[in-house]
Amino acid sequence: MYAKITGTGSYLPNHRMDNFELSKLVDTSDEWIQSRTGIKARHIAEHDTVVSLSVRAAKEAICDAEIDPEEIDLIIVSSVSAEQVLPCTACEVQAAIGAVNAASFDLNAACTGFITAYQVAVAQMKAGLIQTALVIGAECLSNLIDWTDRGTCILFGDGAGATVITCENSDIEVPFVLHSDGTKRHVLSCSSGFGAGKSPYGESVFMDGREIYKFAVKKVPELIYEILERHGRSADEIDLFLLHQANKRIISSIAKHLHQDLSKFPMNLQENGNISSASIPVLLDDLNKQGKLKPGMKLIVAGFGAGLTWGGMYLEW
Ligand code: UT7
């Protein structure tokens with residue numbers, strides 16, 4: 001394979017907001033939220049920012065990879081919710097960790113952002129341009145949420161996950177897949193707030209939940225079959241499917257489509273809610289810390305979200 005994840009890290013803000021606390025803000029209930037989504041709680045930033053969350057997750061991943069920050073050639077941060085436009089979060093991380101040799105930039109592909117950033121980093125490795133990359137997914141979605149809209153505020157949370165990826169020479173082709181459909185751009189949207197009159201979208205997250213649900217349960221199984229076919233593998237050969245943590249019902253439906261046991265689809269959305277581009281790297285870190293990722297394990301990692309965007313890849317641990 002061309003690349004291996006050699007370190008993981010994550011950070012969630014201290015404030016754990018459970019469904020009962022949320023039901024004091026909007027007309028909802030723990031029973032409704034859990035039965036429709038599987039979510040029990042989410043972490044909400046009080047003092048943290050996308051930069052501070054990213055730096056904490058990055059430091060943990062670097063420590064886990066046992067590398068010197070000077071060895072990092074590239075830092076990519078995926079986020080839709082950074083508090084600042086300039087400089088990019090990746091440059092802030094670079095300065096904070098002393099990755100003096102790294103190129104740094106941010107990327108926005110919504111909940112498919114970590115997958116996209118990972119694929120960009122590995123493509124640079126395949127091109128012979130870099131050896132070591134730090135790829136981060138970080139979100140303060142609480143910045144973008146309308147806290148009076150019960151249709152959206154129950155879903156999202158804040159947090160960051162980071163991975164160190166190292167190039168390993170081999171001839172094995174690793175299948176990556178990315179897709180988008182901009183004709184469905186309106187179903188999950190949010191303006192930056194700058195020049196708001198020029199944007200067709202509102203200043204907090206708008207979501208057509210049913211459309212996103214239908215899109216995810218149709219396109220993600222198709223995507224996984226596409227990855228499997230390109231790699232000449234069957235779903236039965238995969239040890240774990242690590243999916244964007246949006247909704248337990250979406251993940252259960254995908255497992256059913258693939259004729260796979262739900263136990264092969266680890267979840268942390270119960271405690272974290274949907275943290276967009278941070279959800280997959282946080283899940284990777286949780287599993288890594290719990291010792292559930294064994295060398296040689298075959299993984300499918302897949303994300304989907306606003307844009308619409310969706311993408312995934314096959315990984316060996
Ligand atoms: O990263 C991708 C991000 N987005 C997603 O993953 C979203 C995917 N979609 C979903 O997860 C689901 O569509 C939701 C969980 C958002 C909504 O579940 P649903 O089963 O599609 O509910 P619905 O929107 O069709 O609403 C059903 C009812 C409505 O009431 P009426 O019209 O039937 O009387 C809503 O007003 O539930 C009501 N409702 C709520 N009730 C209590 C909507 N939100 C809430 C709420 N608490 N928080």
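Distance distribution P(r), the chain, all Cα-Cα pairs, bin width 20 angstrom from 0: 35, 60, 5 percent.
Considered as an equivalent ellipsoid built on the Cα gyration tensor, the stretch 218-299 has semi-axes of 20, 16, 11 Å, the largest given first.
Compare the peptides 3-13, 80-90, 235-245 by average per-residue count of other Cβ atoms within 10 angstrom and give them in order, highest first.
On the way: 3-13: 23.0, 80-90: 17.8, 235-245: 20.2.
Per-residue mean Cβ counts within 10 Å order the peptides as 3-13, 235-245, 80-90.
Helix check for the chain. Which DSSP H runs span at least 24 Å along their own axis by Cα, with a mean Kyte-Doolittle hydropathy no less than -1.0?
Details: long enough: 209-231 (32 Å, -0.37).
Result, helices passing both filters: 209-231.
Taking amide H atoms as placed 1.01 Å from N in the peptide plane, list the residues 5 or more away in sequence, or in a different chain, whose amide H sits under 5 Å from that of residue 202. Those lying under 5 Å, H to H, from residue 202 are 191. Of the peptides 271-283, 91-103, the ranking by mean beta-carbon count within 10 Å, highest at the top, reads 271-283, 91-103.
At q = 0.10, 0.12, 0.18 Å⁻¹, what base-10 log of I(q)/I(0) does the Debye formula yield for the stretch 174-317 when every alpha carbon is treated as an equal point scatterer in vacuo? Evaluating at q = 0.10, 0.12, 0.18 Å⁻¹ gives log10 I(q)/I(0) of -0.36, -0.51, -1.05. Sorted on the mean count of surrounding Cβ atoms within 10 Å across their residues, most packed first, peptides 248-260, 37-49 read 37-49, 248-260.
Each DSSP beta bridge with both residues in the chain is either parallel or antiparallel, and the antiparallel ones are about 70%.
Once every DSSP H run of n ≥ 4 in the chain is given -39500 (n - 2.57) and the sum is divided by its residues, what mean residue ellipticity at 222 nm do you get, rounded to the nearest 500 deg cm²/dmol? Don't skip to the end; give the middle numbers.
Values: 10 runs with 103 residues, N = 317.
Computed ellipticity for the chain at 222 nm equals -9500 deg cm²/dmol.
Roughly how large, in nm² to one decimal, is the mean projection of the convex hull of the alpha-carbon atoms in the stretch 73-168?
Details: hull surface 26.0 nm².
The number I arrive at for the stretch 73-168 is 6.5 nm².
Give me the number: length gained by fully extending residue 29 to residue 298, i.e. 0.36 nm times residue separation minus the C-alpha to C-alpha distance, one decimal in nm.
Separation in residues times 0.36 nm, less the Cα-Cα distance, equals 93.0 nm.
Each residue of the stretch 148-155 was assigned a 3J(HN,Hα) from its phi angle through the Karplus curve 6.51 cos²θ - 1.76 cosθ + 1.60 (θ = phi - 60°); the sequence is 9, 9, 5, x, 10, 5, 6, 8 Hz, with glycine and proline shown as x.
FYI, it's all coordinate maths here, none of it is from the lab. For clarity, every value in this text was computed on a predicted model and none was experimentally measured. For neighbour counting, all protein chains shown are included, and Cβ atoms are generated from backbone atoms with ideal geometry for every residue, glycine included.
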